[in-house]
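First the structure, in the form of structure tokens, and then the observations on it.
What follows is calculated from the coordinates using simple rules that are stated; it is not laboratory data. Keep in mind the model is a prediction, meaning the values are calculated, not measured. Positions of Cβ are generated from backbone atoms using ideal geometry, with glycine treated the same way; all protein chains shown enter the neighbour counts.
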Amino acid sequence: MNFIAKFIAELKYFRSLIIKLLLFRFIVVFLVFVCFGSAHSQWEKIALPDTLENSFLLDVQFLKSNPDYGWACGYKGVVLRTIDRGNNWIDASVPNPYMQLESIQFLDENVGYTSGTGLIGQGKIYKSVDGGNTWTDVTPNLFYGSAYPRLLWGCYFLNENLGVDLGGDCNDQYIYKTTNGGTSWTRKAYKEYDTKFSDALLYDDGSGWAVSSGLLWATFDYGDNWETYAATGERDWQEELAYLDGSFLLPYDLNCDGSQNDAGGARFIYDDNLIEAEFGKAMYGALLLSKESGWVCGSEGYIFFTSDAGNTWELTDCGIEGQGHLDDIWFIDDTLGFVVGQGIYRTARLDIPKPEIVANTNEILCTGEEVELSTHKDYSYYEWSTGEKQRSIKVDTTGFYSVFAYNSKCDSGTVEIYVEFLELPEFELSAEVSGPYCEGDTVILTVEPDSLDYVWSNRSTSKSISVTTSGKYEVTGTKSNGCGLTKSFDANFNPTPKPTIEASKTTSFCIGDSVYLETIDGMAEYRWYKEDSNELVATGRAINVKDSGSYFVEVVSDSGCTALSGSILINVRRDTNQLQFSYNYPENVFDFGSVLFPEMLCNTIEITNISRRTARIDNLILDWNMAFSIPPSQFPVLLMPDETIPIEICYTPRKIDTERDTLTLPDNCWPHLLPLAAVGKGKTMAGN
């Protein structure tokens, strides 16, 4: 696979990774933890040449191939050079006292580049081929609207010839590239709102990274083309890009151009997580020692170290004079590091005094209690292993506790103490019957084993107690070592339901009829029984009953409580209806057909007495009694057994449409219903 195809594949992977980072991004509040051992590697200031003693430096670099060689650059065109691992520094400044040199990079002991911004925003890049003794201006002169590129910032060279330089402001971004050591340049312009380029990295396979305010950029063609790759947070100034084995460390200052030095922090990207630490001060320089460990530095002399991918940070600014501002940091190895800003500092190991920790009790400590720990004397500052920062703390867990106490950051010491909390007794509190419990139940609570002393909240000292009401019941078991443990049981006696039965109509009716019985709503289960046989006849809230007998229902509530209703007596009479309709119409509808408006049409139906006793009909009932009518002169009627009589029903249209009604014939057990239908038809008339 060629390097372009390989990088595209990696780009796709890391793009999905960064998307996940943004989904899982979270903020961590800064906590200081004492890291024993390297925690006391602090800083000492290095003497500089008299004329450069007060120089403000912005970048520092040592050769990885030969760390005896190092360079630093800064304001007023200052460049400093060392060939003895930073013990001594000599002047190697560029011939321009108006330069603010932001970036310096040497590829070997001789060839190097430095770039930055000069007067009225004119950027410059210089090249040296003799280790910094002399410099040549190799600034891109592309005449894109001005003679010089604007606001050049960081430069990075893959080798002596191929490199990039970043420029622009918060509205326009430029990347300049050379393939001949600065003899000529090409420029690519980008327009990403509210972001400003600062730093870049290139690799032998053509891939590379760049950083701007709140954004990561990527290239896979040796810097010819760049694209925005992922957002790393708000559009805050990220002055430096540190990358190693898939991890990113990005210091930041608020606002696109980093105009607030009283707010900022660091963003650490590691294994699909973006962890942002807020330090309250702007951070400018960054360095990764491994995938998990790195350094950042910034305003007011703040220097922070993390060994767990940014989850926690340690403040290590001891020895920085007057809290001077710092801008970049570099480590030759795990112990020898340099930080630059208002001067040059390197790591130094200090002698550590030992404070003492005393506890405020001589009694035994049991799990669940707490003890106060404090130093044997006052110090100006405290940093406990718990994160607290006062002279005394309270702890409640067995383990080692340490305090980092100091009067100044360089007069400090760490001491450790072991605190043991004795074991609490172990016992079981159980109920004889598992819940749920209902009103009227009795619950037996029991404790095991017998080897402990027990006291209940009702002052009983027995192993078991009986409870019948809702409440919290506690028992304390005590071991022979004096440590006691309290357990509780919440007894909840749920209300018992009170079911009743409602009938949909009279409970005395004829054979062939039925009645619906219904009970209370909201129960989990329903079971209906016939009393004389205890037979389960139905489940559900309502049942349809057709047979005589006494019925009752058993209900179970959602909490599991069961209750029985009272009984209801159903009487099915040995009786039937006397009458029946006789008609011959489809679908059991008495259909008059079409009737011209406003004419009247009368039809007849037949009613037969099918019983063995005389039947009397006083009237038939119409639901609406509007379009349809029954001549009242036909009533009352007496029907002998098996006698059939005709009844006349009339229809007079009230509208030009289908009209309906229902005819009701009362009877012994239930009424007979006959639907009526007719269509009012318009009458057409013509004349001269």
Margin query: Compute the helix-to-body angle for 3-23: its Cα long axis versus the longest principal axis of the chain, expressed 0 to 90° and rounded to tens.
Written below: 60 degrees
Check: Which one of Ser385, Thr367, Tyr418 is farthest out on the positive end of the charge dipole of region 357-419, using unit charges on Cβ (Lys, Arg +1; Asp, Glu -1) and the Cα centre as origin?
Finding: Ser385
Note to self: Can you list residues from other chains, or at least 5 along the same chain, whose modelled amide H is less than 5 Å from the amide H of Leu663?
What the structure shows: Leu674, Leu676
Check: Which percent, nearest 5, of DSSP beta bridges in region 579-681 are antiparallel?
Finding: 85 percent
Checklist line | Table column - 3J(HN,Hα) (Hz), region 641-651, Karplus curve with 6.51, -1.76, 1.60, x for Gly and Pro | finding: x, 6, 7, 10, 10, x, 10, 8, 10, 10, 9
Item checked: Compactness index (Cα Rg / 2.2 N^0.38 Å), the chain -> 1.83
Checklist line | Spatial separation of Cα centroids for region 378-401 and region 492-518, in angstrom | finding: 71 Å
Note to self: Students often get this wrong, so check it: of Lys127/Lys196; Lys281/Lys394; Lys64/Lys389; Lys196/Lys281; Lys505/Lys655; Lys64/Lys191, which have C-alpha atoms separated by over 28 Å?
What the structure shows: Lys281/Lys394; Lys64/Lys389; Lys505/Lys655; Lys64/Lys191
Item checked: Cleavage-rule hits, trypsin sites (Lys or Arg not before Pro), region 337-381, DSSP coil, Cβ neighbours within 10 Å at most 14 -> Lys377
Next item on the list: Quick one: which residues, 5 or more positions from Asp172 or on another chain, have an amide H under 5 Å from its amide H? H modelled 1.01 Å from N in the peptide plane, none for Pro or chain starts.
Entry: none
Next item on the list: Using a 10 Å cut-off on Cβ atoms, rank the peptides 210-219, 427-436 from the highest mean neighbour count down.
Entry: 210-219, 427-436
Checklist line | Selection from Gln634, Gln580, Pro675 lying farthest towards where the dipole of region 579-681 points positive, charges on Cβ | finding: Gln634
Item checked: Residue-averaged [θ]222 nm for the chain, counting only DSSP H segments that reach four residues, each worth -39500 (n - 2.57) -> -1000 deg cm²/dmol
Next item on the list: Amide H neighbours of Asp328 under 5 Å, at least 5 residues apart or on other chains, H built in the peptide plane: list them.
Entry: Val340
Checklist line | Qualifying lysines (Cα of each under 17 Å from Cα of Lys487; at least 8 residues distant if same chain) | finding: Lys463, Lys472, Lys479
Note to self: Ranking request for peptides 449-457, 79-87, 100-108: highest mean number of other beta-carbon atoms within 10 Å first, then the rest in descending order.
What the structure shows: 100-108, 79-87, 449-457
Next item on the list: Taking a cut-off of 20 Å between Cα atoms, list the lysines near Lys45, but don't count ones fewer than 8 places away on the same chain.
Entry: Lys409
Check: Suppose every K and R has +1 on its Cβ and every D and E has -1 on its Cβ; what is the size of the dipole of the chain about the Cα centre, in Debye to the nearest 20?
Finding: 2000 debye
Check: Karplus couplings for region 659-674 from phi (6.51 cos²θ - 1.76 cosθ + 1.60, θ = phi - 60°), rounded to Hz, Gly and Pro as x?
Finding: 10, 9, 7, 10, 9, 10, 10, x, 8, 4, 9, 8, x, 9, 10, 10
Checklist line | Dipole of the chain, positive direction: furthest Cα of Thr398, Asn603, Ala286, with charges on the beta-carbon | finding: Asn603
Notebook entry, point to check: Quick one: which of 262-271, 618-627 comes out on top by average Cβ neighbours within 10 Å, and what's the full order, highest first?
Noted result: 262-271, 618-627
Next item on the list: Rounded to whole Hz and in sequence order, give me ³J(HN,Hα) for region 197-203 from the Karplus expression 6.51 cos²θ - 1.76 cosθ + 1.60, θ = phi - 60°, writing x for Gly and Pro.
Entry: 5, 9, 8, 8, 9, 10, 10
